[in-house]
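Written out below as structure tokens is the structure these notes cover.
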Amino acid sequence: MVRAGFAAIVDAEPDFVVVGEAGDGAEAVTLAGRLTPDVVLMDIRMPGMDGLTATSLLTGPTSGHVPRVLVLTTFDLDSYVYEALRAGASGFLLKDAEPAELLTALRVVVSGEAMLAPAITRRLIDTFTA
């Protein structure tokens with residue numbers, strides 16, 4: 001239901017088209033290989049293959065077409081942020097974000113830039129400057 005809600009928000013925009021939905025990381029990797037999306041919205045915890053492993057596979061050197069990955073999760077843990085960025089994610093957003101924030105993040109990521117939720121950015125800055 002949550003995935004369908006995000007898909008409806010994204011698909012309602014004139015500059016986006018949802019080309020597929022996956023229930024786990026392995027399915028996401030398979031679909032992305034076949035559908036070659038520009039951006040993949042990825043959760044972290046999923047059945048089977050988790051989103052961090054899937055992100056690594058999607059963005060790795062042997063993956064062929066390399067989509068941008070925007071992690072969208074309920075888990076606001078610094079360790080997940082760091083692991084997602086190391087895995088090749090271009091952004092990290094929390095599921096409590098407003099729809100407009102999600103769409104902005106997608107636009108930023110698809111343009112080749114990086115996007116982090118503001119609270120995460122603040123913590124990263126605090127950690128870096130400490």
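Tabulated data
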item	result
From the options R34, R68, residue that is open to solvent by 60 Å² or more (accessible area, probe 1.4 Å), in contact with a strand residue (DSSP E or B) (Cβ under 6 Å, 6 or more places away or on another chain) and of a type in the set (D, E, K, R)	R68
Which numbered condition A22 fails, given (1) in a loop (DSSP other than H, G, I, E, B); (2) over 19 Å from L116 (Cβ atoms); (3) out of contact with any Pro (no Cβ under 8 Å at 6 or more places or on another chain); (4) open to solvent by 30 Å² or more (accessible area, probe 1.4 Å)	(4)
Any hit, the stretch 103-124, residues being within 16 Å of A28 (Cα to Cα), in contact (Cβ under 8 Å) with a residue 40 or more places away in the chain, in contact with a helix residue (DSSP H, G or I) (Cβ under 9 Å, 6 or more places away or on another chain) and open to solvent by less than 70 Å² (accessible area, probe 1.4 Å)	no
Residue within the stretch 45-55 that is among the β-branched types (V, I, T), over 20 Å from S111 (Cα atoms) and at pLDDT 95 or above present	yes
From E98, E83, residue being out of contact with any helix residue (DSSP H, G or I) (no Cβ under 8 Å at 6 or more places or on another chain) and of a type outside the set (A, V, I, L, M, F, W, C)	E98
Residues of the stretch 60-91 that turn out to be of a type in the set (V, I, T) and touching a residue at least 24 places away in the same chain (Cβ under 8 Å), as a count	4
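The values are calculated or read from the model by the stated rules, or taken from the named source; none is laboratory data. Just so it is clear, the structure is predicted and the values come from calculations on it, not from any experiment. Neighbour counts run over all protein chains shown; Cβ positions are idealised from the backbone, glycine included. The area values use the complete protein model at the heavy-atom level, side chains included, leaving out ligands, DNA and RNA. Shrake-Rupley method; radii C 1.70, N 1.55, O 1.52, S 1.80 Å.
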